[in-house]
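Structure record follows, encoded as structure tokens.
Bear in mind that the values in this text are calculations on the coordinates, not laboratory data. Just so you know, these numbers come straight off a predicted model, no measurement behind them. Glycine also receives a Cβ, built like all others from the backbone with ideal geometry; neighbour counts cover every protein chain displayed.
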């Protein structure tokens, strides 16, 4: 435990050292004035140097899973593009939306060890603004623990955004079930902070939006134009000021209405993100321990009961009949 504390302190000191440069805007310097003619009388004209109203891009959320893949969100100038940098290497680039928000999903795992992340924003007219924030991510070599994520900024105390002791929770936001109704439409549901807005996005396109109730529950039903296929699913929690305060990102396969209905009628279940055999058994049979019923009926598809994947279709026999 003492070694862990020492490691965290070292990371924080490291952050304070590397976050020494303030944000800057790349602008062409004005030419130097010509020497004045001593025989010429001139009237001084008051001028002021141009002041940019642009603010540097910022990190709001940085979540890194044990594998090193990450979800990041923040703010910047609307209409600009923001690039995530690891040292001098570009990792990913996204556009900042009209509300001044950006969300980025990094599918390629970050390397093991300490990784320094920063932001560069480029406006539509070509101005470049670097963030004064620096994030250091410490990814364990073993890839079996949640990485340490620390945010540093000049003039401010370093802040731990994620600790190895946090687990893999995305805070108050969760996606608990993905199901299909009688017509084959997709229904997403979960929990969020009461009163916040929850937005569901697939491959960058809005699927639906709702507000979490007083009990934190939310549910979104996708429209008819949500076509079958494999998507990058993103779920945002948005506070009353319009800021994204939590993000979940995961793969999702939307089954066709015909497949969903035939599966329901044939006593089958389509695996969705967040599903486990335990959860499916608890929903179907009322007891998670009955997961062995599904496992035994689908041994040809399931090599490891702890590893099932979105899009798999499992037979779900009667628990009484299977137990016999």
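Note on segment 174-253: percent of Cα-Cα distances in each 5 Å bin, starting at 0 and stopping at the bin with the largest distance, equals 3, 16, 29, 27, 16, 8, 2, 0. Here each label is just a point 7 Å from Cα along the line to Cβ, and for residue 300 and residue 159 those points are 5.4 nm apart. Label separation (residue 127 vs residue 69): 3.7 nm, computed from points 7 Å beyond Cα along the C-beta direction.
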